[in-house]
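To start, the structure under review is shown below, and the notes come after it.
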Amino acid sequence: MINWMPPGLIFILGAFLIPLLKGRMQQAYLLLLPVLAGFILLNMPEGAGYVMNFLGYELVLARVDKLSMIFGYVFVIAAFIGFTYSIHLKEYGQHIAASLYIGSSLGVVFAGDFITLFIFWEIMAISSTYLIWSRKTKASQDAGFRYLLVHIAGGLSLLIGIIINVAETGSTAFNLMELSGLASYLILIGFLLNAAVPPFSAWLSDAYPEATITGAVFLSAFTTKTAVYVLIRGFAGTEILIWMGAIMAFYGVIFAVLANDIRRLLAYHIISQVGYMVAGVGIGTALALNGSSAHAFAHILYKGLLFMGAGAVLHMTGKSKLTELGGLYKTMPITLTLYMIGGLSISAFPLFSGFVSKSMIVTAAAENHLTIIWLILSVSSAGTFLHTGLKLPWFTFFGKDSGIRAKEPPINMLIAMGIAAFLCTLIGIYPDALYNLLPFDATYAPYTAEHIVWTLQILLFTGLGFFLLLKQLGGEPYISMDTDWFYRKGARAFMWFINNPMVRLSSKVNNVVFDIIPSSLIWAVKNPYAVMRIASDTVLLQLSGPDKRTEIQQRIKKEKDMYPGTINIYRPVGLTVLLITLFLMAYLLVYYLKSG
Amino acid sequence: MKKENDFFDKPGNIRMLKILSYICLAIVVVVDFFIPRDHGHYPWDQVPGFYALFGLVACVLIVVMAKTLGKKWLMKKEDYYD
């Protein structure tokens with residue numbers, strides 16, 4: 001007897017009640033949803049639950065094990081924080097979209113088969129797009145469309161892969177796969193796109209900064225982390241992911257240097273941080289996979305906190321560019337403090353969450369003698385602190401005083417940030433709270449003397465570097481090209497191609513088919529006999545020698561001038577009989593040839 | 001209206017923070033000479049202060065690389081796509 005409901009469905013079905021409730025009731029209901037889902041999570045039995053039959057295929061809506069549970073827990077926590085942060089919104093459309101988005105993310109995490117996974121995967125793409133469009137600016141409309149198109153393309157790759165896989169194996173079960181054969185490659189591409197692995201990463205840094213203030217907080221938590229989950233579940237130990245992850249970690253850091261928009265800077269650091277997780281999946285040892293899971297957990301909390309901090313600045317000032325901000329510490333000290341807890345967490349300072357999660361992956365790389373990977377990940381760590389912990393807060397809250405005197409954000413925003421900041425610190429101080437949830441069997445002790453000292457050396461001397469290079473590091477009013485260049489400029493080139501050469505070609509075809517051919521036919525039937533004479537004379541003109549040319553030319557000219565003239569049919573009866581005889585002969589010939 | 005916080009606008013405070021920062025930098029390097037080294041994976045783990053240099057070099061490397069790439073290639077005017 002199943003007496004519980006898959007937690008994803010709580011949010012998905014629950015979403016439909018949101019518009020029916022008003023004011024305080026609606027706010028209470030939004031906070032109740034994650035509480036209810038959390039309660040269900042705590043009481044779910046391990047194993048496959050909610051198995052259903054669909055067209056002869058088995059759907060598993062609730063695969064419950066330690067791996068799905070750790071993602072389930074953090075998703076529900078993120079849902080609670082996100083709803084707290086956005087509870088002041090009167091516009092219930094965003095609440096519905098967020099609820100569907102959370103529910104479908106949970107649906108993916110607990111899906112035990114490909115069909116269930118794909119359905120929730122697509123709901124995620126559509127509901128999250130709404131959180132971008134709700135900003136209602138031209139930029140957000142455009143970015144939302146690009147976001148949706150890219151995700152539909154990724155979803156199609158996944159779907160084709162799933163169909164081939166089901167056709168080949170006869171099973172829809174989603175378990176650890178080997179990377180061989182077209183199906184596994186297509187499925188992997190679908191997963192990598194949602195994980196924002198370059199070159200499939202530009203949708204993230206393109207769309208997240210254009211989303212609504214509250215929407216970006218949800219976006220930063222779910223899409224990339226469900227992708228990390230499915231990579232752990234399906235492709236743990238796939239070697240190519242080690243390199244992809246390391247490149248990704250560095251790529252995000254490099255692009256973050258060039259970002260001027262604070263939420264774009266943070267978006268690039270999502271790519272960078274997810275790079276660590278993807279590398280961990282590729283390494284594939286118990287420690288590395290635990291590291292990816294733990295880092296996903298910690299990342300959702302601190303990245304949510306950072307997006308909430310940046311969102312608070314945008315909400316209160318209406319500005320999000322480093323070049324337009326500065327000096328906000330004077331009036332927003334609480335926001336600054338909470339943001340800095342997120343900044344120190346992502347930078348992996350001792351006593352904060354990143355320190356106990358990221359280091360598992362970096363240590364796993366070292367233990368497996370992946371020195372270059374270790375080096376890339378360590379350098380990227382310095383870059384993370386440089387931007388998220390130093391550059392962004394410096395040029396937003398300190399730096400040149402912009403003259404803006406914005407107040408602290410509404411109390412619900414501060415509470416949401418406070419919860420996230422508390423959890424970031426809790427995990428840092430008491431890592432076992434997180435380690436007890438980890439799915440694989442590996443022990444790791446983050447607080448050794450050398451780990452603390454060496455980490456502090458890297459971070460503090462990065463800080464020294466920052467202040468030495470301070471003049472180079474301010475935001476600049478530019479945007480940087482990313483792989484979205486290919487489809488943004490590509491689409492423009494395509495449209496130019498359609499609007500110029502293709503349109504010219506089509507008007508030419510139009511002209512020939514609907515104008516030249518019909519009018520010449522009409523001209524020809526006015527006097528077909530004369531046309532034949534002109535035609536035969538023209539052929540004759542080509543064949544004859546130079547002495548007769550002028551004569552034939554004159555004749556053609558005369559014939560054309562007279563055209564159509566009076567229709568002059570010689571021996572009409574004879575010609576008719578001749579034609580009939582010819583047709584009959586042709587008919588006879590065809591008949592004999594065919595029957596013979 | 002509440003009085004604005006202007007802690008970081010006073011030169012005296014800034015000087016104090018600077019001195020504090022330098023002391024912190026010095027401490028993390030000096031401490032490195034005295035800690036046990038049981039968990040190192042690489043030869044450079046045995047060199048005290050190595051990671052301080054690593055951090056500084058990494059920071060400069062990232063900034064120089066990114067700014068060069070940006071200036072030479074990636075950075076465009078904000079209306080580039082319009």
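The values are calculated or read from the model by the stated rules, or taken from the named source; none is laboratory data. Owing to the predicted nature of the structure, the values given are computational and were not obtained by experimental measurement. Using ideal geometry, Cβ is built from the backbone for each residue, glycine included, and neighbour counts are taken over all protein chains shown.
Are any residues in the range A:363-392 more than 18 Å from B:Cys59 (Cα to Cα) and surrounded by fewer than 24 Cβ atoms within 10 Å (Cβ to Cβ), and if so, which ones? Answer for the range A:363-392, where residues must be more than 18 Å from B:Cys59 (Cα to Cα) and surrounded by fewer than 24 Cβ atoms within 10 Å (Cβ to Cβ): A:Thr363, A:Ala366, A:Glu367, A:Asn368, A:His369, A:Leu370, A:Thr371.
Among the listed residues A:Pro209, A:Pro198, which satisfies the condition of being touching a residue at least 40 places away in the same chain (Cβ under 8 Å) and touching a strand residue (DSSP E or B) at 6+ places or on another chain (Cβ under 7 Å)?
A:Pro209
One residue alone among B:Val28, B:Val47 is β-branched (Val, Ile, Thr), out of contact with any Cys (no Cβ under 6 Å at 6 or more places or on another chain) and at the interface with another protein chain (Cβ under 8 Å from one of its Cβ atoms), and that residue is B:Val28. Here the condition is being in contact (Cβ under 8 Å) with a residue 60 or more places away in the chain, touching a His at 6+ places or on another chain (Cβ under 6 Å), buried (at least 21 other Cβ atoms within 10 Å of the Cβ) and under 20 Å from A:Ala421 (Cα atoms); of A:Ser345, A:Ser357, it holds for A:Ser357 alone. Do we have any residue at all in the range A:61-73 that's farther than 21 Å from A:Thr129 by Cα, among the small types (Gly, Ala, Ser), over 25 Å from the mean Cα position of the chain (by Cα) and outside the structural domain of A:Met316 (by TED's automatic domain parsing)? Yes, because at least one residue in the range A:61-73 is farther than 21 Å from A:Thr129 by Cα, among the small types (Gly, Ala, Ser), over 25 Å from the mean Cα position of the chain (by Cα) and outside the structural domain of A:Met316 (by TED's automatic domain parsing).
Applying the set (1) part of a helix (DSSP H, G or I); (2) within 7 Å of another protein chain (Cβ to nearest Cβ) to B:Pro36 leaves exactly one unmet item: (1). Of the residues examined, A:Ser171 is not one that is of a type outside the set (A, V, I, L, M, F, W, C), surrounded by fewer than 20 Cβ atoms within 10 Å (Cβ to Cβ) and either at pLDDT 95 or above or under 14 Å from the mean Cα position of the chain (by Cα) (or both). The set of residues in the range A:429-459 that are assigned to a helix (DSSP H, G or I), at the interface with chain B (Cβ under 7 Å from one of its Cβ atoms) and surrounded by fewer than 16 Cβ atoms within 10 Å (Cβ to Cβ) contains only A:Ala449. If you check A:Lys489, A:Lys471 for being basic (Lys, Arg), within 13 Å of chain B (Cβ to nearest Cβ), within 30 Å of A:Phe397 (Cβ to Cβ) and without any contact (Cβ under 8 Å) to a residue 12 or more places away in the chain, only one passes: A:Lys471.
Per-residue answers, yes or no, for (1) loosely packed, with under 12 Cβ neighbours inside 10 Å; (2) among the polar types (S, T, N, Q); (3) within 60 Å of the chain's Cα centre (by Cα):
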position	(1), (2), (3)
A:Asp537	no, no, no
A:Gln542	yes, yes, no
A:Pro546	yes, no, no
A:Arg549	no, no, no
A:Gln554	yes, yes, no
A:Lys558	yes, no, no
A:Thr581	yes, yes, no
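Is the range A:476-484 home to any residue that is out of contact with any Asp or Glu (no Cβ under 7 Å at 6 or more places or on another chain) and in a helix (DSSP H, G or I)? Checking the range A:476-484: not a single residue is out of contact with any Asp or Glu (no Cβ under 7 Å at 6 or more places or on another chain) and in a helix (DSSP H, G or I).
Every test in (1) more than 30 Å from the chain's Cα centre (by Cα); (2) more than 12 Å from chain B (Cβ to nearest Cβ); (3) of a type in the set (S, T, N, Q) is passed by A:Thr331 save one, and that test is (2). Inspect the range A:98-109 for any residue being more than 20 Å from the chain's Cα centre (by Cα), in a helix (DSSP H, G or I) and buried (at least 24 other Cβ atoms within 10 Å of the Cβ) and give the result as yes or no. Checked the range A:98-109: no residue is more than 20 Å from the chain's Cα centre (by Cα), in a helix (DSSP H, G or I) and buried (at least 24 other Cβ atoms within 10 Å of the Cβ). Given the condition surrounded by 16 or more Cβ atoms within 10 Å (Cβ to Cβ) and either more than 9 Å from chain A (Cβ to nearest Cβ) or modelled with pLDDT under 90 (or both), answer yes or no: does some residue in the range B:3-11 qualify? No: zero hits. In this entry, A:Leu148 passes the filter for residues that are on the phi < 0 side of the Ramachandran plot, at pLDDT 95 or above, buried (at least 19 other Cβ atoms within 10 Å of the Cβ) and part of a helix (DSSP H, G or I). Restricting attention to the range A:376-430, the residues being among the small types (Gly, Ala, Ser) and closer than 30 Å to A:Gln472 by Cα number 10. Here is the figure for the range A:425-459: residues that are free of Cβ contacts under 8 Å to residues at least 24 places away in the same chain and of a type in the set (Val, Ile, Thr) total 3.
Given the conditions (1) surrounded by 13 or more Cβ atoms within 10 Å (Cβ to Cβ); (2) at the interface with chain A (Cβ under 7 Å from one of its Cβ atoms), which single one is not true for B:Lys77? Unmet condition: (1).
Which residue is nearest to the chain's Cα centre (by Cα), if the candidates are limited to the range A:382-400 and must be of a type outside the set (A, V, I, L, M) and at the interface with chain B (Cβ under 8 Å from one of its Cβ atoms)?
That would be A:Gly383.
Beta carbons closer than 8 Å, at least 6 apart along the sequence or on distinct chains, never pair a first residue in the range A:1-15 that is among the polar types (S, T, N, Q) with a second that is at pLDDT below 90. A:Val274 - would you say it is more than 14 Å from chain B (Cβ to nearest Cβ) and either closer than 21 Å to B:Val63 by Cβ or in contact with a helix residue (DSSP H, G or I) (Cβ under 8 Å, 6 or more places away or on another chain) (or both)? Yes. When the helices (runs of 4 or more DSSP H) confined to the range A:165-284 are screened for residues that are within 22 Å of A:Gly354 (Cβ to Cβ) and among the polar types (S, T, N, Q), those reaching at least 2 such residues are found at A:213-235, A:262-283. Take the conditions assigned by TED's automatic domain parsing to the domain that holds A:Leu456, modelled with pLDDT of 95 or more and either in a helix (DSSP H, G or I) or not charged (D, E, K, R) (or both) and apply them to A:Ala406. Does it pass? Spelling it out, it is not the case that A:Ala406 is assigned by TED's automatic domain parsing to the domain that holds A:Leu456, modelled with pLDDT of 95 or more and either in a helix (DSSP H, G or I) or not charged (D, E, K, R) (or both).
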